[in-house]
Amino acid sequence: MSFFAAPSSNVTGANNIPPPASDEDKNAPAPDAATRIADFVREDPIALYTFDSRVIRDEHGEQSQQKITDLCRRRRDGSQSCVKVAAESKALFKMMQTLGFYCALPAQPTETHMECRMIMRPS
């Protein structure tokens, strides 16, 4: 008994894998959130940006149905400023990449936020 299937006679080629589906309509922030993110980042593109999706609770301790993420900026002088954006981490990650940032988890295994740094592009 063989664990491998016998070659099919109706296969036209070895690489009949369909092309991947586009993700343009998936994991994208709403247009107003995308504008808010871009405007915030444009103020200081060289800063370190961090974000971490956490459960947002209302004043009664109930979990919010809104998907809100804090996008924070740490400047070289140590100051920090944050904005709340209506986007999940996946959408924020995608948006930051679109803006020319490289995002990754920090080296510390206990940290769960993402860190984003601008990728310098050759002129």
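The values are calculated or read from the model by the stated rules, or taken from the named source; none is laboratory data. Given the structure is predicted, the values throughout are model-derived calculations rather than measurements. Virtual Cβ from ideal backbone geometry, glycine too; neighbours counted across all protein chains shown.
Here the stretch 69-94 is the region considered, the condition is being more than 14 Å from the chain's Cα centre (by Cα) and not in a strand (DSSP E or B), and the residue that is surrounded by the most Cβ atoms within 10 Å (Cβ to Cβ) is Arg75.
I need a count of the residues in the stretch 31-49 that are hydrophobic (A, V, I, L, M, F, W, C) and in a helix (DSSP H, G or I).
Within the stretch 31-49, residues that are hydrophobic (A, V, I, L, M, F, W, C) and in a helix (DSSP H, G or I) number 6.
Quick one: in the stretch 114-123, which of the residues that are aliphatic (A, V, I, L, M) and at pLDDT 90 or above is surrounded by the fewest Cβ atoms within 10 Å (Cβ to Cβ)? The residue in question is Ile119.
Looking across the stretch 95-113, just one residue is surrounded by 19 or more Cβ atoms within 10 Å (Cβ to Cβ) and closer than 15 Å to Ile68 by Cα, and that is Met95.
Test Asp39 against the criterion of being modelled with pLDDT of 90 or more, within 23 Å of Met118 (Cα to Cα), among the acidic types (Asp, Glu) and surrounded by 10 or more Cβ atoms within 10 Å (Cβ to Cβ), and give yes or no. Considered against the rule, which asks whether it is modelled with pLDDT of 90 or more, within 23 Å of Met118 (Cα to Cα), among the acidic types (Asp, Glu) and surrounded by 10 or more Cβ atoms within 10 Å (Cβ to Cβ), Asp39 comes out as yes.
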